[in-house]
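This is the structure I have questions about; it appears just below.
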Amino acid sequence: GDGHADIIAGANKTDGSGFNSGSARVFSGATGQVLHMFQGLGANDEFGEAVSDAGDVNGDGVPDVMSGAFYHDATATNAGMMRVYSGATGAVLYTLYGDAANDFFGGVLGNVGDVDGDGRPDIGAGMVGSDVGGVNASGLKIIPGATGAVLRVHYGQAAGDLFGRGCDTAGDVDGDGLADYVVSVQLADVTGVNAGGFRVFSGFDGAPIASLWGLHAGDGMGE
């Protein structure tokens with residue numbers, strides 16, 4: 001709240017809670033002072049592999065932050081987890097876990113804007129190992145920032161797509177007053193093997209608005 005933007009940085013190989021448990025720190029942009037320190041929950045969590053600004057999800061006027069631990073095993077081996085923290089106090093606002101073994105949930109995190117129209121930013125959280133749409137088709141959960149409930153889930157359409165390897169807000173591209181979001185499909189084969197691409201989805205209902213694909217095999221567009 002000093003008028004200067006601050007920084008979150010992950011260190012997924014630190015050992016504070018066990019070997020490669022990982023950590024993340026929030027630094028003052030003005031001074032470099034450590035404002036908050038977050039630790040992984042156990043050995044090999046690799047907490048901090050993905051970190052992101054979450055926006056002000058709790059409505060206190062201070063931006064909040066999030067970090068993922070894609071090897072976390074609470075629900076199944078390598079199912080993953082992610083946590084959202086208060087930027088003001090560092091308190092845990094909520095924790096979410098992966099659904100299935102090797103989902104690697106929380107390995108990708110992004111602020112996708114206010115897709116549900118409640119005045120709070122929402123979150124995209126990747127499941128880079130999900131096999132629902134095919135082996136390593138991957139997927140992405142859209143999570144209302146205010147509640148931590150899951151609004152919707154998208155899955156890759158073909159094996160090896162790596163859908164959800166990146167996500168971000170797209171702004172209101174369709175003019176309906178809600179933020180839309182862009183999701184990478186890094187290894188999609190639509191225009192060539194591993195040419196990749198990205199898709200834009202409606203914040204209102206999750207319907208695809210546009211899809212753009214790499215120009216050549218091996219481009220990996222959308223990384």
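What's the carbon and sulfur percent of the chain's accessible surface, probe 1.4 angstrom, rounded to a whole number? List each step's numbers first, then the result.
On the way: 4890 of 9280 Å².
Answer for the chain: carbon and sulfur cover 53 percent of the accessible area.
Right, here's the next one. Can you list residues whose amide H is under 5 Å from GLY29's amide H, if they're 5+ apart or on another chain and H is modeled 1.01 Å from N?
The answer is ASP6, ILE7.
If you plug each phi of the range 72-83 into the Karplus form 6.51 cos²θ - 1.76 cosθ + 1.60 with θ = phi - 60°, what whole-Hz ³J(HN,Hα) values come out, in order, with x for Gly and Pro?
5, 10, 4, 9, 5, 4, 6, 5, x, 7, 8, 10
Choose one answer from ILE209, ILE142, ILE123: the residue with the largest mean-square fluctuation in a GNM of the chain with alpha-carbon springs under 10 Å.
Ranking ILE209, ILE142, ILE123 by mean-square fluctuation puts ILE209 first.
Counting alpha carbon pairs within less than 8 Å and at least 6 residues apart, what relative contact order, in whole percent, applies to the chain?
Relative CO of the chain lands at 11 percent.
Taking the Cα atoms of the chain alone, what are Rg (to one decimal) and Dmax (as a whole number) in Å?
Considering the chain through its Cα atoms, Rg and Dmax are 17.1, 49 Å.
I've got another one for you. Please compute the length gained on full extension between ASP168 and ALA149, using 0.36 nm multiplied by the number of residues separating them and subtracting their Cα-Cα distance.
Gain on extension, ASP168 to ALA149, equals 5.0 nm.
Given labels modelled 7 Å from the Cα in the Cβ direction, how far is it in nm from ILE7 to ASP118?
3.3
So, one more: Relative contact order for the range 144-204 using alpha-carbon pairs under 8 Å, separation at least 6, rounded to a whole percent?
Here the relative contact order equals 26 percent.
To the nearest whole percent, what portion of all C-alpha pairs in the range 95-223 is separated by more than 24 angstrom?
23
Rolling a 1.4 Å sphere over the protein heavy atoms, what is the accessible area per residue of the range 45-138, to the nearest Å²?
33
I've got another one for you. Mean projection of the alpha-carbon convex hull of the range 5-86 over all orientations, in nm²?
Projected over every direction and averaged, the Cα hull of the range 5-86 covers 5.2 nm².
The values are calculated or read from the model by the stated rules, or taken from the named source; none is laboratory data. Predicted, not measured: the structure shown is a model, and the values here were computed from it. A quick note on method: Cβ atoms are made from the backbone with ideal geometry, for glycine too, and the neighbour counts reach across all protein chains shown. Heads up: the accessible areas ignore ligands, DNA and RNA and are worked out on the full protein's heavy atoms, side chains in. Shrake-Rupley method; radii C 1.70, N 1.55, O 1.52, S 1.80 Å.
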